[in-house]
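K.L.:
Before I ask anything, here is the structure I am working with.
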Amino acid sequence: MSSVINNNFEESRNHMELLLNKAKDKILDAEDVTIYSHTDCDGITAGSILSSIMDKLNIDHTVNFVEINEVETLETDTDLTIISDLGAGQNVSNLCTNSNSSVIVLDHHPPIRQLGTKLKGDLIEINPNYYGLDGSYTISGGGLSYLLAKTFHFYDLSWMGILSAVGDMQNTMTGKLRGLNTEILHDATEVGCVDYVNDLLLYGRHTRPLFVALSYFGDIHLPITNNRNECIHFLENLDIPVKNDLGTVRYLCDLNMNEKAKLFNELLTMMTREVPDKYVKYVPKLISGESYEFTFEEDYTPFKDASEYSTVINACGRNGRHELGMEVIKGNRDNIAGELETLVKDHKRYLAQNLSRIQEDNNVEILENIQYFNGEGIRPSVVGTIAGMLLSNYDWQKPIVGYTPIDSDEPGYKVSLRCSRLLGYEGVHFGNIVRDISEKCGGSGGGHSVACGAYIPEDNMDHFLQLLNNSVNIA
Ligand SMILES: [Mn+2]
């Protein structure tokens, strides 16, 4: 267990700053640096921030994107090694003791070492959880990497800290960024690279026609869900034109305040009708929240809105093209535009095909408290995305679990769980539940309250589902 320093926020931030400055000195002393970062949007963005720091300082470096289970066997032969968005929960003594490299761990996941642990090599570990700050929403791996960049006054990288926080879903429960993320947001608005507005939480503010965005809306099943015709009627009834005067289809970003207010009220009424009484008070939070935009990006592109941007980076990561995602973030987009477009298109097609296959084959089994599908044939990296997409087509009041075989020495499954945020607001934390149950099943897991995952040995999969079904009583 880690020790927690229970001082006030300012003291915590000051102590982090002390460690960040030590890390800064290590960087300035290094001739060459190895960067290891995680493979998801947060990790890719964190790697991009660290790489940008090294570029600006003209320091030789390599960036490698790795999975959690690879951390303990990593090697290094450079002066300095930086691990971001992972490392806190893994044994890193291999890196520290078998090399002369100094090691910096910038992670927001629960740490297994005490603050200030000494290993044979130099180790600087920076983690919000040491100060009682919950890493699931106060700051991301990329956010910590930005705080390091900030010690060099590289404020222009602050937008990446916002991208990583949104990519890590740090704003999902309250609809806005909190904790140390607000410091990053402050820096980003100060230098003018990020704007934020209160808006409807429809995904696709710049890239999905409004009536399409509406058809995908929400954690819960509505009369307009997956029904574009209904969505068009819905908008017409509200006097919100689907197209503008020139006949061009309109996006959420085209609506004026009055139109947005009408849309908000109508969605509120519709959703209030659909949910049990105990959830009614949470419904406004499902409909509106803060949206973050990058001021230097073009309107109507997938790079303007932070949440849409994170989809592009996730598409890169989930197709094993992490470097491509990093090039996008670092702004080297001209040469890779075609490649990126193809990748995102193929990714969407892959998701759509697997989604309809599961629905057509009637693959979703409904138990008393959970529903699940055997996603054999689906790549482990996207089984969670597909679970999330399926949720509104099934019983949104139960979590949905998908699993698919992983390629490894011991046969097992990658498991992903998604559920409505309404369950999270009621206090259910599936990340913790799944962590406990997966350990009982000889696996490992965890994550957010409404989105989490696990690795489970093949023989224990049925047992896992059974324990999960028994562990919650949704009704
Ligand atoms: Mn992360």
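Every read-out reported here was derived from the displayed coordinates using simple, explicitly stated rules and does not represent laboratory data. This one's a predicted model, so the numbers in the text were calculated from it and none came from an experiment. With ideal geometry, Cβ positions are generated from the backbone for all residues, glycine too; neighbour counts draw on all protein chains shown.
K.L.:
Run the simple label-point estimate for Lys56 and Asp195 please: 7 Å along Cα→C-beta, distance reported in nm.
P.N.:
That separation, rounded to one decimal, is 2.4 nm.
K.L.:
Under a plain spin-label model, where a point goes 7 Å from the Cα along Cα-to-Cβ, how far apart in nm are Thr295 and Asp25?
P.N.:
3.6 nm
K.L.:
Which whole-number percent gives the relative contact order of the chain, counting Cα pairs below 8 Å spaced six or more residues apart?
P.N.:
Working: 908 pairs, mean separation 52.1, N = 475.
Normalised by residue count, the contact order of the chain is 11 percent.
K.L.:
Ordered by packing density, taken as the mean number of other Cβ atoms within 10 Å over each peptide's residues, highest first, how do 180-188, 362-370 rank? Write out the running numbers ahead of the final one.
P.N.:
Values: 180-188: 21.8, 362-370: 14.6.
Result, highest mean first: 180-188, 362-370.
K.L.:
Additional query: Quick check: from the Cα gyration tensor, does the stretch 1-98 come out rounded (a/c under 1.5), prolate or oblate?
P.N.:
Values: a/c = 1.57, a/b = 1.21, b/c = 1.29.
In terms of gyration-tensor shape, oblate.
K.L.:
Suppose we look only past 23 Å in the calculated P(r) of the stretch 9-190. What percent of the Cα-Cα pairs does that tail hold?
P.N.:
Values: 5316 of 16471 pairs.
For the stretch 9-190, the share of Cα pairs beyond 23 Å comes to 32 percent.
K.L.:
If you don't mind, there's one more thing I want to ask. What do you get when you divide the Cα radius of gyration of the chain by 2.2 N^0.38 Å, with N the number of residues? The partial results should precede the final answer.
P.N.:
Details: Rg = 22.3 Å, N = 475, 2.2 N^0.38 = 22.9 Å.
Cα Rg divided by the expected 2.2 N^0.38 Å: 0.98.
K.L.:
Here is a further query. Any of Lys243/Lys278; Lys150/Lys398; Lys56/Lys414; Lys260/Lys281; Lys56/Lys345; Lys243/Lys398 with alpha carbons more than 31 Å apart? Name them for me.
P.N.:
Values: Lys243/Lys278 38 Å; Lys150/Lys398 43 Å; Lys56/Lys414 39 Å; Lys260/Lys281 20 Å; Lys56/Lys345 33 Å; Lys243/Lys398 37 Å.
From the list (Lys243/Lys278; Lys150/Lys398; Lys56/Lys414; Lys260/Lys281; Lys56/Lys345; Lys243/Lys398), the Cα-Cα distance tops 31 Å for Lys243/Lys278; Lys150/Lys398; Lys56/Lys414; Lys56/Lys345; Lys243/Lys398.
K.L.:
Roughly what % antiparallel, to the nearest 5, for the DSSP beta bridges in the chain?
P.N.:
Details: 30 of 54 bridges.
The antiparallel fraction comes to roughly 55 percent.
K.L.:
Using only the alpha carbons of the stretch 363-457, determine the length spanned along each of the three principal axes and report them from longest to shortest in whole angstroms.
P.N.:
The Cα atoms of the stretch 363-457 stretch 39, 26, 22 Å along their principal axes.
K.L.:
Short version: ³J(HN,Hα) in whole Hz for each residue of the stretch 242-250, in order, from phi by Karplus 6.51 cos²θ - 1.76 cosθ + 1.60 (θ = phi - 60°), x for Gly and Pro, what are they?
P.N.:
6, 10, 8, 4, 7, x, 8, 5, 9
K.L.:
Using modelled backbone amide H atoms (1.01 Å from N, in-plane), which distant-in-sequence or interchain residues come within less than 5 Å of Phe217's amide H?
P.N.:
Those lying under 5 Å, H to H, from Phe217 are Asn226.
K.L.:
Can I ask one more? What percent of all Cα-Cα pairs in the stretch 397-448 falls in each 5 Å bin, counting up from 0?
P.N.:
The percentages, shortest bin first, are 5, 18, 26, 25, 14, 8, 4, 1.
K.L.:
Separate question: Measure off 7 Å from each Cα along the Cα-to-Cβ vector at Glu376 and Asp277, then give the distance between these two points in nanometres to one decimal.
P.N.:
4.6 nm
K.L.:
List the relative contact order of the stretch 200-294 as a percent without decimals, with contacts defined as Cα pairs under 8 Å and 6+ residues apart.
P.N.:
About 33 percent, as a whole number.
K.L.:
For a paramagnetic label modelled at 7 Å from the Cα of Asn362 toward its Cβ, which residues of the stretch 377-404 fall within the zone defined by backbone nitrogen distances under 17 Å?
P.N.:
Residues passing the 17 Å test: 394-395.
K.L.:
With a ≥ b ≥ c the root eigenvalues of the C-alpha gyration tensor of the stretch 91-240, is it rounded (a/c under 1.5), prolate (a/b larger than b/c) or oblate?
P.N.:
Values: a/c = 3.37, a/b = 2.32, b/c = 1.45.
Here the stretch 91-240 falls in the prolate category.
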